[in-house]
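Every number here is computed from the coordinates shown, using simple stated rules; none is lab data. What you are looking at is a predicted structure, and each value in this text was computed from that prediction instead of being measured. Ideal geometry is used to build each Cβ from the backbone, glycine not excepted, and the neighbour counts take in all protein chains shown.
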Amino acid sequence: MDQQQVLEMLVELCEDEIIVENPDIDLFEEGLLDSFGTINLLVEIENRFNISVPITDFNREEWNTPNRIAGKLAERQ
Amino acid sequence: MLSILAAIERVAIQQPQKTAYQTHNASLTYSELWHLSDRLADYLMKFNLRRQQPIVIYGHMSPLQIVAFIGAVKAGHPYVPVDSSTPSERLQLITEASGAGLVLTTELLQMQMNIPVMAVHDILDASSKNVILSSATWVQDEDIHYIIYTSGSTGQPKGVQITASNLTHFVMWMQEHFPLQEDGVFLNQAPYSFDLSVMDLYPALVGGHTLYAITQQEIANPKALFDSLATSNTRVWTSTPSFAKMCLMNKEWDQKLMPALDTFLFCGEVLPIAVCNELMLRFPQAIIYNLYGPTETTVAVSYVKVTKELVARFEQLPIAPITEPNVSVAEDGEIIISGPTVSAGYLGAPKLTAKAFPIVDGDRIYQTGDIGYVQDGYLFFSGRKDFQVKLHGYRLEIEEIEKQISNLPPVSSCVVVPVYKEKEIISLSAHIVLHEPLTDGAFKTTKQLKALLSAYLPAYMIPKTFKYMDALPLNPNGKIDRKGLAVMETV
């Protein structure tokens, strides 16, 4: 898994290219992810990268930008 | 006939110290509920409102919110629940359209209103402690008990008026058909702006049970949510299927985490079979019910019990057995609802009411706009006659969203289409023509438009993606090509 793959996944989930242009964008503040989007994100992470993130480990403050998500996933690989 | 208020009073006398309502950090006994709502009602009656004039109640899950509902109807006024996540312009619109004489708040409301605004807390502080209220002022029979605003295709939300008699019939129906008698905790997940909340609220209070309410803040923070669910001791679960689907993402959400859970009541949108299969595995003690009904006929009017046999037999769950007396299908496929829970119509909208609620053989019926078909003794839901959609359990009129976007100063015209994934709507996409060509870049413009829109529409009604076009695509008949756009939006 590399940064690019994470960004591609987020572009598909959020349906917005802005993620590639600005990987420090706050996905929750900008309305690109909501509670249901979060769920889809965790499912996709498991499907694509075989990394299981327990929903109870997911908090919005630490998983709010594409770069942070990529960083969190790199830690868990 | 049972009176909702008389039934709650009986509970308050018989088990005054029992918890009526609880959140993760606050609770209320039946005795407190009864006496505080008496004090509130006593104060409200001195306020010189018109008879049956609505009272807007603004707030979120909290004990005083329930006190406010019961206090309003004790004083003879229907209440209009408005969740504190509602944008200011929409609150203003609902307040004006309802003709409310007062806004009661249980959370801080910062905007200026044209009618008096009072905090429930302040009223209780100022009110006399020794009030004995007679039942003479209570809403009853054909008086309106609550008014819930739903999305309206004209661009104006519609106020559905539910009478005391509608509500009583609904609660009696719930008690007759579902295992609600045995003592236990009822989960309250839906905010009070949505009538799904009525499904747990009144059956629990009338039965003398404890309601456990979870807040939107907990839902946004999964750890807090599951901690709360684990300590709630919930026996009866009411939610949209979307919410359960979200919870299923946590692999630890199961019978071990919620040992008392034995009843699932689902309503508000299609219940997917995959969700039922997973729930049956994780909650072997629980029975799942799929309920059906629009706000206009008081929450729900029919149901099926979800069994292994049923999920194996059909690709989609039915919404009613054909023996259900109050639900039928017209020749054109539209689902028609009759019976004692059909609402008194839309407040202040006689034309809309006459159209949706025709009188047949002296009785008011409701034309749901839902399309259904009958197969093997069951009724199935297959879609809508109009542009209403359900997204994560929220009922939305696409036309209302389009009107609000088109009203924004930079926008010339707009079409909104649902985005489908595996036959399920996952989001909305707006196709927009601007007056001036894009100068700031699409992202900045979208951000600006979404910010403008958030004063008028709740977050769940704001499309996720905005696409800019020079002109909206037309089909060969010269109409906007919604079908073409919808095909583009299937992922």
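With A:L10, A:L42 as the choices, which residue is in contact (Cβ under 8 Å) with a residue 12 or more places away in the chain, buried (at least 18 other Cβ atoms within 10 Å of the Cβ) and more than 8 Å from every other protein chain (Cβ to nearest Cβ)?
Of A:L10, A:L42, the one residue that is in contact (Cβ under 8 Å) with a residue 12 or more places away in the chain, buried (at least 18 other Cβ atoms within 10 Å of the Cβ) and more than 8 Å from every other protein chain (Cβ to nearest Cβ) is A:L10.
Output the residue which, of all residues in the stretch B:235-244 that are of a type outside the set (F, W, Y) and either within 14 Å of chain A (Cβ to nearest Cβ) or buried (at least 24 other Cβ atoms within 10 Å of the Cβ) (or both), is farthest from A:F58 (Cα to Cα).
Per the stated criteria, the residue is B:V236.
Out of the residues in the stretch B:319-345 that are of a type in the set (G, A, S) and surrounded by fewer than 17 Cβ atoms within 10 Å (Cβ to Cβ), which is nearest to B:D386 (Cα to Cα)?
If we take residues in the stretch B:319-345 being of a type in the set (G, A, S) and surrounded by fewer than 17 Cβ atoms within 10 Å (Cβ to Cβ), then B:G333 is nearest to B:D386 (Cα to Cα).
Buried (at least 16 other Cβ atoms within 10 Å of the Cβ), touching an Asp or Glu at 6+ places or on another chain (Cβ under 8 Å) and in contact (Cβ under 8 Å) with a residue 24 or more places away in the chain, is that true of B:T263? Spell out the reasoning first.
Numbers: buried (at least 16 other Cβ atoms within 10 Å of the Cβ): yes; touching an Asp or Glu at 6+ places or on another chain (Cβ under 8 Å): no; in contact (Cβ under 8 Å) with a residue 24 or more places away in the chain: yes.
No: the conditions fail for B:T263.
Restricting to the stretch B:353-394, give me the number of residues that are outside any strand (DSSP E or B) and surrounded by fewer than 17 Cβ atoms within 10 Å (Cβ to Cβ).
The total comes to 9.
Look at B:D370 and say whether it is acidic (D, E) and without any contact (Cβ under 8 Å) to a residue 24 or more places away in the chain. Give the steps one after another, and end with the answer.
Working: acidic (D, E): yes; without any contact (Cβ under 8 Å) to a residue 24 or more places away in the chain: no.
In short, no.
Please work out if B:D440 is without any contact (Cβ under 8 Å) to a residue 12 or more places away in the chain and crowded, with 16+ Cβ neighbours inside 10 Å.
In short, no.
Return yes when B:Y420 is within 30 Å of B:Q216 (Cα to Cα) and assigned to a loop (DSSP other than H, G, I, E, B) and no when it is not.
Criteria not met by B:Y420.
I need a count of the residues in the stretch B:319-346 that are touching a Ser or Thr at 6+ places or on another chain (Cβ under 6 Å), part of a loop (DSSP other than H, G, I, E, B) and under 24 Å from B:T154 (Cα atoms).
The qualifying residues number 3.
Please go through the stretch B:193-224 and pick out each residue that is away from every other protein chain (no Cβ under 14 Å), more than 19 Å from B:T341 (Cβ to Cβ) and either in contact (Cβ under 8 Å) with a residue 60 or more places away in the chain or within 12 Å of the chain's Cα centre (by Cα) (or both). Lay out the reasoning, then the answer.
To start, the set of residues in the stretch B:193-224 that are away from every other protein chain (no Cβ under 14 Å) comprises B:193-213.
Cutting the leftovers down to more than 19 Å from B:T341 (Cβ to Cβ) gives us B:193, B:208-213.
Within the stretch B:193-224, B:S193, B:G208, B:T210, B:L211, B:Y212, B:A213 meet the criteria.
Name the single residue, out of those in the stretch A:52-77 being away from chain B (no Cβ under 14 Å) and assigned to a loop (DSSP other than H, G, I, E, B), that is surrounded by the fewest Cβ atoms within 10 Å (Cβ to Cβ).
Looking at the filtered set, the residue picked out is A:Q77.
Sort through B:F266, B:F357, B:F314 and tell me the only one that's of a type outside the set (K, R) and farther than 23 Å from B:I425 by Cα.
B:F357
Within the stretch B:395-406, is there a residue that is in contact with a Ser or Thr (Cβ under 9 Å, 6 or more places away or on another chain), acidic (D, E), in contact (Cβ under 8 Å) with a residue 24 or more places away in the chain and in a strand (DSSP E or B)?
yes
Which numbered condition in (1) away from chain A (no Cβ under 14 Å); (2) buried (at least 16 other Cβ atoms within 10 Å of the Cβ); (3) in a loop (DSSP other than H, G, I, E, B); (4) not aromatic (F, W, Y) is the only one that B:I432 fails?
Only one criterion in (1) away from chain A (no Cβ under 14 Å); (2) buried (at least 16 other Cβ atoms within 10 Å of the Cβ); (3) in a loop (DSSP other than H, G, I, E, B); (4) not aromatic (F, W, Y) is unmet by B:I432, namely (3).
Looking at the stretch B:169-205 only, could you name the residues that are part of a loop (DSSP other than H, G, I, E, B) and more than 16 Å from B:S239 (Cα to Cα)?
B:P179, B:Q181, B:E182, B:D183, B:G184
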